[in-house]
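The values are calculated or read from the model by the stated rules, or taken from the named source; none is laboratory data. From a predicted model like this one, the values you see are computed outputs, not experimental measurements. Glycine gets a Cβ as well: all are built from the backbone with ideal geometry, and neighbour counts include every protein chain shown. Remember, those area values only see protein heavy atoms, side chains included, never the ligands or the DNA or RNA. Shrake-Rupley method; radii C 1.70, N 1.55, O 1.52, S 1.80 Å.
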There are 2 protein chains.
Amino acid sequence: MKLKVFTTIVACMLFATSPAGAKTLVERLGYPADTKLLIVHADDLGVAHSVNAASIKGLESGLVSSASIMIPCSWLPEIAAYARSHPEADLGLHLTLTSEWGLYRWGPVLGKELVPSLLDRDGYLYLTESEAAAHINPKEAEAEIRAQIARARALGIQPTHLDSHMGTLYQNQALFETLFRVAHDNKLVIRVSKEWFASAPFLTSLMGPDDVAVNTIISIEPSVTADGWAKFYADAVKNIQPGLTEMIVHLAYDDEEMKGVTFAHPDWGSAWRQRDFQFVTSDAFRKLLQDNNVKLTTWREVGKALKKTGS
Amino acid sequence: MKLKVFTTIVACMLFATSPAGAKTLVERLGYPADTKLLIVHADDLGVAHSVNAASIKGLESGLVSSASIMIPCSWLPEIAAYARSHPEADLGLHLTLTSEWGLYRWGPVLGKELVPSLLDRDGYLYLTESEAAAHINPKEAEAEIRAQIARARALGIQPTHLDSHMGTLYQNQALFETLFRVAHDNKLVIRVSKEWFASAPFLTSLMGPDDVAVNTIISIEPSVTADGWAKFYADAVKNIQPGLTEMIVHLAYDDEEMKGVTFAHPDWGSAWRQRDFQFVTSDAFRKLLQDNNVKLTTWREVGKALKKTGS
């Protein structure tokens with residue numbers, strides 16, 4: 001019976017997203033069907049002043065089209081002030097159930113008494129997405145992410161989309177279901193990639209007719225060395241296919257604060273983030289997008305096309 | 001009746017701290033009675049990486065003898081790691097019931113469900129000590145500061161003393177009583193100054209025979225301009241009297257993080273804190289102490305002399 005439900009839902013989803021004769025997402029966004037659309041998305045806003053400052057520069061360069069915010073972090077008020085004064089900025093929520101840096105940490109928005117399964121023995125959110133997923137009670141995760149959305153709105157942030165910091169909410173079916181339920185209730189689009197369908201076949205059954213999955217997510221790995229940066233992005237952009245692609249970037253400066261945050265953690269570290277900042281705000285990146293006929297879009301535009309009123 | 005109790009307790013306290021023939025605190029610390037003892041104390045550790053880094057430099061210069069930590073802040077793990085690797089450092093708790101910066105904020109250790117009176121409408125601790133004191137239910141303050149002490153100990157910090165960030169716990173009698181009750185239960189010394197007795201006469205009734213009040217607290221005001229810095233400290237050190245004095249300093253670097261923390265707030269701002277750092281780690285300050293026969297001590301030494309086993 002499970003299989004039957006699954007097959008039916010996949011068929012519905014495929015029909016809903018690109019039935020013969022119906023408009024594709026790209027067409028609903030107002031572009032010819034063969035257009036290559038890209039959301040260049042900065043993650044982790046709110047985590048540090050350095051991240052906020054570099055990400056705002058990225059957004060204002062015009063080459064970063066979207067970003068998402070970590071609500072439990074102490075630098076939230078800084079980015080909330082930016083959101084209030086820049087209502088056109090495409091800012092979503094980077095729903096946060098982990099606290100990954102050794103010397104700089106945070107807890108949930110809700111008190112530990114309400115969400116004990118979210119906390120490690122030091123009273124912070126878990127260090128890794130796998131530890132978090134292994135311990136989290138999905139009901140508590142749901143309460144917490146609803147509280148994160150409520151706090152964002154109370155601070156004047158009108159989120160255009162949802163995604164999951166470190167992919168914690170993408171770790172298992174129960175957490176995915178939680179994310180979809182909350183997103184649907186709030187009429188918000190979610191970051192989902194078609195690449196995930198093979199390993200998470202249940203995912204397609206969660207998607208409604210107005211959900212969307214991007215073709216692929218481009219995200220440079222910590223293993224790419226400084227001299228391989230330009231080539232990684234050049235290859236990735238050349239390979240972008242018609243439809244919607246998302247590129248996730250992690251912007252910060254290699255300054256004292258960010259060195260402290262990422263202490264003893266060169267992967268996703270401060271130098272790595274500054275390299276990402278320098279590349280995606282460069283003329284070389286602008287030219288790369290132009291030369292490959294890649295057009296930038298935002299989650300707000302996608303949400304509007306899908307009639308997500310939360311966006 | 002109140003007056004009678006007050007008179008009796010003042011008499012007891014005076015007798016307990018310096019009865020005729022009994023040892024004064026300075027003598028209990030092993031010094032001649034006319035010794036000028038000074039604790040140079042850095043406040044606000046844990047609030048920012050910049051504060052942690054500058055305060056550790058201050059402690060390691062030998063010219064800053066003590067410091068206290070803000071437990072609810074995200075940089076706590078960094079300073080907790082330092083405390084674990086430097087058990088000789090004189091680190092207390094800067095009990096925190098306010099969150100004073102506009103763009104960078106924090107909440108309590110306990111969940112908002114347990115301590116609602118501690119939170120402003122944005123879900124953070126109040127911006128000012130007066131707002132905090134006006135709204136706080138002392139029972140909730142007590143639960144929160146007990147939780148801050150518990151979290152400190154769980155992270156391997158063995159606090160040598162207690163004081164109150166922005167003096168929130170010094171704002172009224174009920175909060176003072178809370179602080180003394182918690183300090184006594186934990187056998188920890190508290191920052192109290194004899195200068196406060198006139199405006200808070202109830203204070204003397206809270207002090208037990210093993211509590212101590214410093215003669216005076218030296219703390220440079222935000223109004224002192226850069227060219228007045230050396231003169232302020234020179235005058236202050238020259239005026240130090242025999243007995244115990246505390247000098248409160250606020251150390252940080254004038255870097256991007258700290259400029260962000262103190263944005264639009266030049267009072268107690270990043271440049272002001274860097275000036276404080278530069279002066280109190282300077283040879284000029286070392287010479288000033290030597291020339292005036294001022295000896296540095298710590299809250300740990302004071303606690304030991306008073307047989308405070310928590311220290």
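Would you kindly work out the equivalent ellipsoid of the stretch A:31-75 from its C-alpha gyration tensor and give its semi-axes, the square roots of five times the eigenvalues, largest first in whole Å?
On the way: eigenvalues 140, 27, 5 Å².
The equivalent ellipsoid of the stretch A:31-75 has semi-axes of 26, 12, 5 Å.
Just round it to a whole percent: the fraction of Cα-Cα distances in the stretch B:86-148 exceeding 21 Å. Walk me through the numbers before you get to the answer.
On the way: 446 of 1953 pairs.
Every Cα pair in the stretch B:86-148 considered, those over 21 Å come to 23 percent.
How large is ³J(HN,Hα) for each residue in the stretch A:47-54, as worked out from phi by the Karplus curve 6.51 cos²θ - 1.76 cosθ + 1.60 (θ = phi - 60°), to whole Hz, x for Gly and Pro?
Karplus values, whole Hz, x for Gly and Pro: 6, 7, 4, 4, 5, 4, 5, 5.
If amide hydrogens are placed 1.01 Å from N in the peptide plane, which non-local residues have theirs closer than 5 Å to the one on A:Val40?
For A:Val40, whose amide H was placed from the backbone, the distant partners under 5 Å are A:Ser65, A:Ser66, A:Met247, A:Thr297.
Summarise the partner chain shielding of B:66-75 as one whole number: the mean count of Cβ atoms from other chains within 10 Å of each residue's Cβ.
Details: counts 0, 0, 0, 0, 0, 0, 2, 3, 15, 7.
The shielding value for this peptide is 3.
Can you name the chain A residue with its Cβ nearest the rotation axis from A to B, and give the distance in Å as a whole number?
In residue-and-Å form, the answer is A:Gly111, 1.
Determine the alpha carbon to alpha carbon distance for each of B:Lys187/B:Lys304; B:Lys231/B:Lys287; B:Lys36/B:Lys287; B:Lys112/B:Lys259 and list only those over 19 Å.
Values: B:Lys187/B:Lys304 11 Å; B:Lys231/B:Lys287 14 Å; B:Lys36/B:Lys287 15 Å; B:Lys112/B:Lys259 29 Å.
As for pairs spanning more than 19 Å Cα to Cα, those are B:Lys112/B:Lys259.
Of A:Leu119, A:Ser85, A:Gly58, whose Cα points farthest to the positive end of the dipole of the protein assembly as shown (charges on the beta-carbon: +1 Lys, Arg; -1 Asp, Glu; origin at the Cα centre)?
Farthest towards the positive pole: A:Leu119.
Can you list, shortest first and in nm, the gaps between the label point of A:Lys287 and those of its counterparts in the other copies, using a point 7 Å from Cα in the C-beta direction?
Ordered by increasing distance: 5.8 nm.
Over the Cα atoms of the protein assembly as shown, Rg to Rh with Kirkwood Rh, two decimal places? Could the numbers behind the result be given before it?
Values: Rg = 28.2 Å, Rh = 26.7 Å.
Here Rg/Rh amounts to 1.06.
Could you state the number of Å between the C-alpha centres of the stretch B:30-91 and the stretch B:257-311?
8 Å
Would you mind checking which residues have amide H under 5 Å from A:Leu93's amide H? H placed 1.01 Å from N; only 5 or more apart, or other chain.
Excluding prolines and chain starts, which carry no amide H, the hits are A:Ile69, A:Thr160, A:His161, A:Leu162, A:Asp163.
Looking at chain B, I'd like the Rg to Rh ratio, where Rg is from alpha-carbon atoms and Rh is Kirkwood's inverse mean 1/r. It would help to have the intermediate numbers written out before the result.
Values: Rg = 18.8 Å, Rh = 19.8 Å.
Using Cα coordinates only, the ratio equals 0.95.
Shortest first and in nm with one decimal, please list how far the A:Ser193 label point sits from its counterparts in the other copies (point 7 Å along Cα→Cβ).
Counterpart label points of A:Ser193 in the remaining copies fall at 5.8 nm.
Got a sec to turn the phi values of the stretch A:209-220 into Karplus ³J(HN,Hα) couplings, 6.51 cos²θ - 1.76 cosθ + 1.60 with θ = phi - 60°, whole Hz, x for Gly and Pro?
Values, residue by residue: x, 10, 9, 9, 10, 6, 4, 7, 10, 9, 8, 5 Hz.
Rounded to the nearest angstrom and ordered from largest down, what semi-axes does the equivalent ellipsoid of the stretch B:140-218 get from its C-alpha gyration tensor (root of 5λ)?
Listed largest to smallest, the semi-axes of the stretch B:140-218 are 22, 14, 12 Å.
Restricting things to alpha carbons, find the Rg to Rh ratio for the stretch B:165-311 using the Kirkwood radius for Rh.
On the way: Rg = 17.2 Å, Rh = 17.2 Å.
Dividing the radius of gyration by the Kirkwood radius yields 1.00.
Roughly how crowded by other chains is peptide A:107-113, in terms of the mean Cβ count from those chains within 10 Å of each of its Cβ atoms? It would help to have the intermediate numbers written out before the result.
On the way: counts 6, 1, 4, 3, 9, 6, 5.
For peptide A:107-113, the averaged partner shielding equals 5.
May I ask you to evaluate 6.51 cos²θ - 1.76 cosθ + 1.60, the Karplus curve with θ = phi - 60°, for each residue of the stretch A:75-90 and list the ³J(HN,Hα) values in order in whole Hz, giving x for glycine and proline?
Karplus values, whole Hz, x for Gly and Pro: 8, 3, x, 5, 6, 5, 4, 5, 4, 5, 8, 10, x, 7, 5, 8.
Go ahead and estimate [θ] at 222 nm for the protein assembly as shown from helices alone: -39,500 (n - 2.57) per DSSP H run with n ≥ 4, summed, over the residue count, rounded to 500.
Values: 26 runs with 255 residues, N = 622.
Rounded to the nearest 500, the figure is -12000 deg cm²/dmol.
Put a point 7 Å out from Cα along the line to Cβ at B:Thr225; what are the distances to that point in the other copies, in nm, shortest first?
5.5
For the stretch B:16-168, what percent of Cα pairs sit more than 20 Å apart?
Working: 6182 of 11628 pairs.
The share of Cα pairs beyond 20 Å in the stretch B:16-168 comes to 53 percent.
Round to a whole number: what % of the accessible area of chain B belongs to carbon and sulfur, probe 1.4 Å?
56 percent
So what is the accessible area of the stretch B:233-311 per residue, in Å², with the probe set to 1.4 Å?
On the way: 3480 Å² over 79 residues.
Computed with neighbouring chains in place, this is 44 Å² per residue.
What are the residues whose amide H is under 5 Å from the amide H of B:Trp106, where those residues sit 5 or more places off or on another chain and H is modelled from the backbone?
Distant-sequence amide H within range of B:Trp106: B:Leu125.
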